[in-house]
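This report refers to the structure that appears directly beneath it.
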Amino acid sequence: MFGHLKAEDFVNLMEGAELSSKHKNHIESCVRCSATWESMRSVRAEVTSLEATIPEPDWTQFRTSVRDKLLSRSIQRESAVRRWTGWSIRPAVAWALSVLMAIGVTTVTLWRIDNRSSVPTPPVIQSPATAELPAEVIEPGPERSLFEDVVSLGEEEQEQFRQMLESAQKGITHRQ
């Protein structure tokens, strides 16, 4: 003989396909293949009997029940959220936050102003020549430059300006 039947041949038999005459003769003559075929036939008969006893579920009822349960959960979640952040609490929270923000901004502003005024300014070292300078500050106008302001100084002011520049130059050379 050519050998035993393959699994494909048994599946084809179960699905109702016709076997060749060689295969039919082999099942009738081979004890092993005929025992396999009989066990498969009995298992198939039991499975098909189970299919007849299992009722088909009502899919519309199933979908309706799932949808109802999901909606009830979402409603429960929304009501729980409303309890904690309901409309009665929101105005009070908004009012409290605005008061805290106003107090905080005011405090920070006053603190910064206080810190600016309490920061010590570095001492200005004045030489005898700079101590005699006039209190006015020469501010350049839009049409005049700083050079024109220096040229327009009187002789005494020019001398004071020259001394200031020299003392500033000496201070720079001493630091280096």
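Please treat every number below as a calculation from the coordinates, not as lab data. Source: prediction; values computed, not measured. Neighbour counts are summed over all protein chains in view; Cβ atoms, including those assigned to glycine, are modelled from backbone coordinates with ideal geometry.
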Query raised in the report: Given H placed 1.01 Å from N in the peptide plane, which residues other than close sequence neighbours of LEU153 have an amide H under 5 Å from its amide H?
Result: none
Query raised in the report: Could you give the alpha-carbon Rg of region 7-53 over 2.2 N^0.38 Å, rounded to two decimals?
Result: 1.24
Query raised in the report: If R0 is 41 Å, what FRET efficiency do you get for PHE62 and GLU8 from their C-beta distance, rounded to 0.05?
Result: 0.65
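Charges only on Cβ, +1 for Lys and Arg, -1 for Asp and Glu: so what's the dipole of region 7-53 about the Cα centre, in debye to the nearest 20? Mind dumping the intermediate values first?
On the way: 5 positive and 8 negative charges, 38 e Å.
In total the dipole reaches around 180 debye.
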